[in-house]
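Report on the structure given below.
The values are calculated or read from the model by the stated rules, or taken from the named source; none is laboratory data. Model, not experiment: these values are computed from the prediction. For neighbour counting, all protein chains shown are included, and Cβ atoms are generated from backbone atoms with ideal geometry for every residue, glycine included. Heads up: the accessible areas ignore ligands, DNA and RNA and are worked out on the full protein's heavy atoms, side chains in. Shrake-Rupley method; radii C 1.70, N 1.55, O 1.52, S 1.80 Å.
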Amino acid sequence: MDHFSLVDGAMHCEGVPLSVIAEAVGTPVYVYSTATLKRHARVFREGLAGAGDVHLAYAIKANPNLAVLRVMADAGYGADVVSGGELARALAAGIPASDVVFSGVGKTVTELTTALEAGLGQFNLELEEEGVVLAGLAAARGLVANATLRVNPDVDAGTHAKISTGKRENKFGVPIDQAPAIFGRLAGLPGLALRGVAIHIGSQLSDLAPLEAAYRRVGELVTELRGLGFPIERVDLGGGLGVPYREGDVLPSPAEYGAMVARATKDWGVRLMFEPGRVIAGNAGVLLTKVIWVKPGAINPYVIVDAAMNDLARPAMYDAWHDFRAVHPTGERMVANIAGPVCESGDTFAMGRDIDAVKSGDLAIFRTAGAYGATMASTYNSRALVPEVLVDGDRFAVVADRILPETILAAERIPEWLTPGD
């Protein structure tokens with residue numbers, strides 16, 4: 001459920017007509033619903049009520065907007081970060097460092113040091129060398145780094161290849177069959193408290209079976225590690241639960257996921273860590289756009305909108321589907337291609353799709369754009385960086401400015417040797 005709906009024939013976000021936001025801020029613009037974020041955070045927590053001792057860390061990569069992070073902090077969530085920049089955002093949003101988990105395969109020494117000195121709650125180690133380096137950094141400062149070892153269970157998540165992370169050919173984690181030996185070598189290092197293991201097999205999962213298979217392998221690993229004398233206190237189960245992108249899609253609910261987790265982990269006796277992202281933010285946002293032209297095409301007309309692949313990259317990157325809706329639907333339909341103004345054939349959101357009939361000047365939205373939307377935006381074709389708006393009831397605020405091409409241009413320099421002489 002989200003809080004984007006038609007009221008008196010016009011699409012609203014909560015109590016605000018989207019046309020009012022378009023007039024005030026311009027288009028394209030991302031619009032987020034506070035009520036939806038809060039609801040999804042609550043429902044996910046409630047779904048895991050039967051799983052015992054649980055720690056929830058919102059995956060900042062899904063939507064790192066500072067206002068969104070503050071909503072998550074107020075909902076009692078920690079943060080899962082994958083860079084020093086995301087750590088800075090988490091702290092700026094008021095999330096305690098002790099509630100932050102640092103994931104990611106390429107943490108630099110500078111990032112590890114910054115996180116250590118901030119009092120980070122948990123490092124998810126991706127390779128043995130990282131653990132050795134982290135231990136040395138911590139010991140040199142008289143600190144102890146809490147960590148888990150991320151394992152790769154070689155389970156196919158059944159999702160898009162570019163967001164699958166749990167197969168042996170993926171870059172993440174250590175092979176699960178090598179984990180006991182690596183764990184043993186790291187566990188005794190001064191400065192490192194290796195408290196458990198971590199796993200994450202992919203994003204936008206639509207089936208719980210791969211997750212349950214991966215958890216079963218992790219459970220076997222926990223038993224093996226304890227048999228070797230290692231006290232396992234935590235297991236980080238990652239995130240990845242999918243959301244419906246098409247009307248009519250049915251995906252596992254947080255309650256169904258929670259029931260599976262409770263069943264799979266009932267004998268582990270550990271603190272379970274979770275890193276939800278898309279399942280919280282995905283349906284809490286839309287990309288609001290304006291139709292520039294309806295251009296005749298060889299087969300179907302092209303609806304050219306002012307949003308482009310630089311604003312919403314998922315369709316170009318993953319052939320991803322986002323429902324397209326008119327802000328003021330008339331009830332008429334048309335079959336059309338939807339494309340943006342960027343000079344790439346890949347700047348296409350849909351081909352031959354049955355959509356609300358629109359014309360030049362009409363407003364429309366791409367739904368389910370609250371996750372992996374603005375965070376993946378760029379300024380390709382020297383376009384402005386898309387702004388973001390947060391709605392709360394009948395009020396709204398710009399929570400990220402539109403960064404104009406001239407602002408970006410002002411940050412660039414021509415070296416003096418390229419400057420024409422007198």
Among the residues of the stretch 59-107, count how many are farther than 16 Å from residue 400 by Cβ, open to solvent by 20 Å² or more (accessible area, probe 1.4 Å) and small (Gly, Ala, Ser). 8
List every residue pair whose Cβ atoms lie under 7 Å apart, where the two residues are 6 or more positions apart in sequence or sit on different chains, the first residue falls within the stretch 382-407 and is more than 13 Å from residue 14 (Cβ to Cβ) and modelled with pLDDT of 95 or more, and the second residue, located anywhere, is small (Gly, Ala, Ser) and open to solvent by 50 Å² or more (accessible area, probe 1.4 Å). 405/382
Which condition does residue 190 not pass, out of (1) within 19 Å of residue 59 (Cβ to Cβ); (2) in a loop (DSSP other than H, G, I, E, B), if it passes all the others? (1)
When the residues of the stretch 29-58 are filtered to those that are part of a loop (DSSP other than H, G, I, E, B) and either open to solvent by 10 Å² or more (accessible area, probe 1.4 Å) or of a type outside the set (A, V, I, L, M, F, W, C) (or both), which remaining residue is nearest to residue 264 (Cα to Cα)? 52
Given (1) crowded, with 18+ Cβ neighbours inside 10 Å; (2) in a strand (DSSP E or B), index of the condition residue 368 fails: (2)
Look through the stretch 127-176, keep the residues that are of a type in the set (Gly, Ala, Ser), surrounded by fewer than 21 Cβ atoms within 10 Å (Cβ to Cβ) and modelled with pLDDT of 95 or more, and return whichever of them is nearest to the chain's Cα centre (by Cα). 136
Please give the strands (runs of 3 or more DSSP E) falling wholly within the stretch 99-155 in which 1 or more residues are in contact with a Pro (Cβ under 8 Å, 6 or more places away or on another chain) and of a type in the set (S, T, N, Q). 145-152
Residue 325 - would you say it is at pLDDT 95 or above, farther than 28 Å from residue 24 by Cβ, out of contact with any helix residue (DSSP H, G or I) (no Cβ under 7 Å at 6 or more places or on another chain) and not aliphatic (A, V, I, L, M)? no
Between a residue in the stretch 218-241 that is within 16 Å of residue 193 (Cα to Cα) and any residue that is outside any helix (DSSP H, G or I) and open to solvent by 80 Å² or more (accessible area, probe 1.4 Å), which pairs come within a Cβ distance under 8 Å, given they are 6 or more apart or on different chains? 233/271; 234/271; 235/271
With respect to residue 16, is the statement that it is among the β-branched types (Val, Ile, Thr), out of contact with any helix residue (DSSP H, G or I) (no Cβ under 7 Å at 6 or more places or on another chain) and open to solvent by 40 Å² or more (accessible area, probe 1.4 Å) true? no
Residue 272 vs. criteria at pLDDT 95 or above, within 16 Å of residue 373 (Cβ to Cβ) and either open to solvent by 20 Å² or more (accessible area, probe 1.4 Å) or in contact with a strand residue (DSSP E or B) (Cβ under 6 Å, 6 or more places away or on another chain) (or both): no
Tally time: how many residues in the stretch 227-264 are surrounded by 14 or more Cβ atoms within 10 Å (Cβ to Cβ) and either in contact with a helix residue (DSSP H, G or I) (Cβ under 8 Å, 6 or more places away or on another chain) or more than 20 Å from residue 48 (Cβ to Cβ) (or both)? 22
Counted residues, the stretch 196-217 - those being in contact with a Ser or Thr (Cβ under 9 Å, 6 or more places away or on another chain), open to solvent by less than 10 Å² (accessible area, probe 1.4 Å) and not in a loop (DSSP other than H, G, I, E, B): 6
Residue pairs meeting the criteria (Cβ under 7 Å; at least 6 apart or on separate chains; first open to solvent by less than 40 Å² (accessible area, probe 1.4 Å), in the stretch 306-331; second of a type in the set (Gly, Ala, Ser) and at pLDDT below 95): 314/320
Would you mind listing the strands (runs of 3 or more DSSP E) fully within the stretch 245-353 where at least 1 residues are among the basic types (Lys, Arg)? 271-274, 285-295, 324-326, 333-339
Counting only residues that are without any contact (Cβ under 8 Å) to a residue 60 or more places away in the chain, in contact with a strand residue (DSSP E or B) (Cβ under 7 Å, 6 or more places away or on another chain) and at negative phi, the stretch 334-381 contains a total of 18
